[in-house]
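First up is the structure itself, then whatever we jot down about it.
The values are calculated or read from the model by the stated rules, or taken from the named source; none is laboratory data. In this text, all values refer to a predicted model and were calculated from it rather than measured experimentally. Cβ coordinates were reconstructed from backbone atoms using ideal geometry, including for glycine residues, and neighbour counts include every protein chain displayed. Just so you know, the surface numbers come from the protein's heavy atoms only, side chains and all, with ligands and any DNA or RNA stripped out. Shrake-Rupley method; radii C 1.70, N 1.55, O 1.52, S 1.80 Å.
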Number of protein chains: 2
Amino acid sequence: MDGPAVSAVRAFNRTVAERIGALNDGFLGRGRPMVESRTLWEIGLEGAEVRELRARLGLDSGYMSRVLRALERERLIKVETSPDDGRVRFARLTRTGRAERAVLDQRADRVAWGFLEPLTDQQRATLVAAMAEVGRLLRASLITIAVEDPTTTDARWCIGQYFAELVVRFEAGFDPSNTIPADAHDLMPPRGAFLIARLHDRPLGCGALKFHPGAPAELKRMWVDPEARGLGLGRRLLGELERQAGRAGARVVRLETNRALVEAIRLYRSSGYREVPAFNDEPYAHHWFEKELA
Amino acid sequence: MDGPAVSAVRAFNRTVAERIGALNDGFLGRGRPMVESRTLWEIGLEGAEVRELRARLGLDSGYMSRVLRALERERLIKVETSPDDGRVRFARLTRTGRAERAVLDQRADRVAWGFLEPLTDQQRATLVAAMAEVGRLLRASLITIAVEDPTTTDARWCIGQYFAELVVRFEAGFDPSNTIPADAHDLMPPRGAFLIARLHDRPLGCGALKFHPGAPAELKRMWVDPEARGLGLGRRLLGELERQAGRAGARVVRLETNRALVEAIRLYRSSGYREVPAFNDEPYAHHWFEKELA
DNA sequence: CATGTTCTCTGACTTTAGTCAGAGAATTGT
DNA sequence: ACAATTCTCTGACTAAAGTCAGAGAACATG
């Protein structure tokens, strides 16, 4: 734990908390409790499922329900049951609700402008850039990586995205039936592992391992959502995969890859992987890498 | 109002609010309300005056009192009346209180470390730097500038600081009785104006004007606290002084300065001031500047 | 089609936060 | 020395936030 960095984070927190408070106050003073305003705002112009609102706002279902009733009483929203699932309810703004939301939006904008207004143009630009940087890295730090079941919808979605990208990027295209297969149950403990990286439940990347007792573990299916690139997620995933391999008893990790995947190759090299002769006959591979775990 | 910048600020807010919430939660879960934990923390190892705590935490005096009673009941603090002013009370931590505060501190540290831990070293450094930048600029944007009475303690403190700095910086030293005087009532409307820049009530800079109907306004006593330099405060103060001069009917602002004050001279030049022949016989001046207000 | 799960509601609560008025003691200003 | 001000405290409130248990409807699954 790095002391000075931790202090810096805490100092940042203190400064920023105050201003954030001010921004939230933009949601106050409209004669209704803050949760109601926040909910109104979160429903958005498109409307939203109640269960999703609850997740986003972190509210108890009973509480949420009451908040929605209050907004309905004010004729700001209408809650109806969703057409595709009779259990879930869907909230949408009425015309009045949209107007009220616009007011909230405007107030928040004014407060945000209050942060910028006293600054010179140059300072404003610096502030906006630094804020973007902080936001980006805080988001990166919120990404969690965990071993998961490779048969779930999310896992299969990740693999689908991975394949779809290969189709586009490989010079010769890509046909999953042509590659060395990796069945779901080969990627499950104890024969393997499947890791998913998530930001707030949403999958942003994956990576898999096949264990071979007494032989190197094989790394497969490593993918990072294009939207999440540049956050160091690939490196984190790789590290986590290696940790898992080590825990499963592997001394060496190896993998094959296609020459079109230049960032991946760069990542492997800079993470201590050495190129080795082909150890399998994967038709799409151009490079084979190997790393001894410390 | 700059749309994209405002959106950036609001986006930043959304990302950060979440993490800040997490940090504050470090103050929770100790079986007492958040205000109590915050108060305990704010009292600090040195203890603190109750009135100051109230200001820092933004609490109603009645509320504050109750919070302190609760902490006393838990034997975490002791409140006694201050030796130098029988009205104000002074809170200090007991041994138990110090231990409890250390726990809170540790928890907050752990949460802060949670922000950093998932990142690579390089990302950590970037994050810390960006946070410092954001903090610095947000603090800058919290500084307010207002016309005030030049006879108050704060105003006189500012002028004192200003003189003290001149003593150190002028090659020939500085003796206030030797300079052209600027009596407090010459710096009060309608004959002049005195501006103080503050961050949370604490004065960080000042600047004064003497008006001469039909003639240029004179700028005097411009000072920025060394701690607050590099925040663009000098430029803001100067702008505000010019605005006040314009409002008072002046078409031109002029000033004299000493060659040791290089940053000030740079500021004047870059703000549109042109050097002119001496227009008074200020013994400490080497340069005389003038600017026509737009 | 029986069973378990998910989602939403309602009712009945508790806790936290925050406000307001007034009183008493100490201090400051004139 | 008298009045005004500052600071803290108590009592009496209100509002907001949040929790818990249970029930009913809709859906998913074997």
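A few remarks follow.
- Additional length obtainable on full extension of the chain from A:Ala17 to A:Leu57, 0.36 nm per residue less Cα span: 12.6 nm
- Across peptide A:229-236, the average count of Cβ atoms from other chains found within 10 Å of a residue's Cβ is 2.
- Residues of the protein assembly as shown: accessible area per residue with a 1.4 Å probe, Å²: 50
- Under 5 Å, built H, 5+ apart or other chain: amide partners of B:Met222: B:Ala208
- For residues of B:116-123, the mean tally of beta carbons on other chains within 10 Å: 6
- Lysine pair number, Cα distance threshold 29 Å (strictly under), the protein assembly as shown, separation 8 or more or different chains: 6
- Working from label points 7 Å from Cα in the Cα-to-Cβ sense, the A:Ile180 to A:Arg243 distance is 2.6 nm.
- Shape annotation for the protein assembly as shown: C-alpha extents along the principal axes are 92, 58, 55 Å, from largest to smallest.
- Integer Hz, Karplus 6.51/-1.76/1.60 couplings in order for the stretch B:12-28, x for Gly and Pro: 4, 3, 4, 4, 6, 3, 4, 6, 5, x, 4, 5, 5, 4, x, 8, 9
- At the residue level, B:Thr257 shows approximately 10 square angstrom of accessible surface with a 1.4 angstrom probe and all protein chains present.
- Taking every alpha-carbon pair under 8 Å whose residues sit at least 6 apart, chain B reaches a relative contact order of 11 percent.
- Averaging the Cα positions of each part gives two centres, and for the stretch A:106-164 and the stretch A:35-61 these lie 20 Å apart.
- A 1.4 Å probe, protein heavy atoms only, puts the accessible area of A:Trp113 near 50 Å².
- Distance between modelled label sites at B:Met34 and A:Phe163, nm, 7 Å Cα→Cβ extension: 4.7
- Counting Cβ atoms of other protein chains within 10 Å of each residue's Cβ and taking the mean over peptide B:103-115 gives 4.
- When A:Tyr63, A:Tyr268 are compared by accessible area of protein heavy atoms, the largest-first order is A:Tyr63, A:Tyr268, using a 1.4 Å probe.
- Antiparallel bridges, percent of DSSP beta bridges restricted to the protein assembly as shown (to nearest 5): 95
- Residues in the stretch B:95-111 carry Karplus couplings, in order, of 4, 4, x, 5, 5, 5, 5, 4, 4, 4, 4, 4, 5, 5, 4, 4, 4 Hz; the curve used is 6.51 cos²θ - 1.76 cosθ + 1.60 with θ = phi - 60°, and Gly or Pro positions show x.
- Only helical runs count toward this figure. For the protein assembly as shown, summing -39,500 (n - 2.57) over DSSP H runs of n ≥ 4 and dividing by all residues gives -15500 deg cm²/dmol at 222 nm.
- Percent of alpha-carbon pairs separated by more than 19 Å within the stretch B:1-138: 61
- When +1 charges are put on Lys and Arg Cβ atoms and -1 charges on Asp and Glu Cβ atoms, the dipole computed for the protein assembly as shown relative to its Cα centre reaches about 1240 debye.
- Rg and Dmax, both from the Cα atoms of chain A and both in Å, are 24.6, 71.
- Packing around the peptides B:121-129, A:205-213, taken as the average count of other Cβ atoms within 10 Å per residue, puts them in this order, highest first: A:205-213, B:121-129.
- Spin-label model distance (nm) - B:Glu292 vs B:Glu49, 7 Å beyond Cα toward Cβ: 5.1
- Mean separation of Cα contacts under 8 Å (6+ apart) over length of the stretch A:3-118, as relative contact order %: 29
- Shape analysis of the stretch A:152-294 places it in the rounded category; the axes a ≥ b ≥ c from the Cα gyration tensor give an a/c below 1.5.
- The apolar share of the surface of the stretch B:144-292, taken as the fraction of accessible area on carbon and sulfur atoms (1.4 Å probe, ligands and nucleic acids excluded), comes to 52 percent.
- Vicinal HN-Hα couplings computed from phi for the stretch A:219-235 (Karplus, 6.51 cos²θ - 1.76 cosθ + 1.60; Hz; Gly/Pro x): 9, 9, 6, 8, 9, 10, 3, x, 5, 9, 6, x, 10, x, 5, x, 5
- Highest to lowest packing among A:103-112, A:193-202, scored as the average C-beta count within 10 Å: A:193-202, A:103-112
- When the solvent-accessible area of the stretch A:3-118 is split by element, carbon and sulfur atoms take up 48 percent of it, the probe being 1.4 Å.
- The mean sequence distance of close C-alpha pairs (under 8 Å, at least 6 residues apart), as a share of the length of the stretch B:184-289, puts its relative contact order at 20 percent.
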